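Chemist: Take this structure first; my questions come after.
Where a number appears in this text, it was derived from the coordinates with a stated rule and is not lab data. Values in this document were obtained by computation on a predicted structure and should not be read as measured data. Counting neighbours? That spans all protein chains shown, and the Cβs are built from the backbone with ideal geometry, glycine included.
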Amino acid sequence: MNRKDTTDKLLAEVPLFAKLSKKDLRQISSLATPMDFPAGRELTKQGAPGHEFMIVLAGDLEVYIDGELVANRGPGDYFGEIALLDGRPRTATIVAKTPVSVEVIGHREFTTLIADRPQIAQQLLATMAERLGDDEANNR
């Protein structure tokens, strides 16, 4: 399986994108840029604006909140999906524990795609509304 096929498959597992067609997923994955980071590199900084979404293809990451290690992430994990929709501050600092390979999708490119393909935006809004409804029902 090549890198783009892997990215398509992983995107389909992201709840935000799970209901999109294969064609829509392929268009989103076409926006992805492969990047490699050395061990010790900070990929996100808690409190900084978020501008990109990342899917981990290889390597191990550590997730810190308020300086405390709270989770580990690895191949198949992702973060920053909300950054595609708005630039709200990052909720965690993520550091490469080992050398890491990721696919990165930027906010600007994603926004351009959904402006050109409103059906993708409609599906994403429906998915988000469903998740919000589920959250509200669970909080009652």
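Chemist: Could you check which residue among 25, 85, 125 shows the biggest mean-square fluctuation in a GNM of the chain with a 10 Å Cα cutoff?
Modeler: The residue that fluctuates most here is 125.
Chemist: Give the Rg (one decimal place) followed by the Dmax (whole number) of the chain, computed from C-alpha coordinates and expressed in Å.
Modeler: Reported Rg and Dmax, both Å: 15.2, 45.
Chemist: Total Lys pairs in the chain closer than 16 Å by alpha-carbon, pairs eight or more apart in sequence or interchain only?
Modeler: Going through the chain pair by pair, I get 6.
Chemist: Over what distance in Å are the Cα centres of region 1-38 and region 75-120 separated?
Modeler: Using only Cα atoms, the two centres lie 11 Å from each other.
Chemist: Between 13, 109, 130, where does the largest GNM mean-square fluctuation fall for the chain, given springs only between Cα atoms within less than 10 Å?
Modeler: Greatest mean-square fluctuation among the candidates belongs to 130.
Chemist: Using a basic spin-label model with each label point 7 Å from the Cα along Cα→Cβ, how many nm lie between residue 66 and residue 35?
Modeler: 2.8
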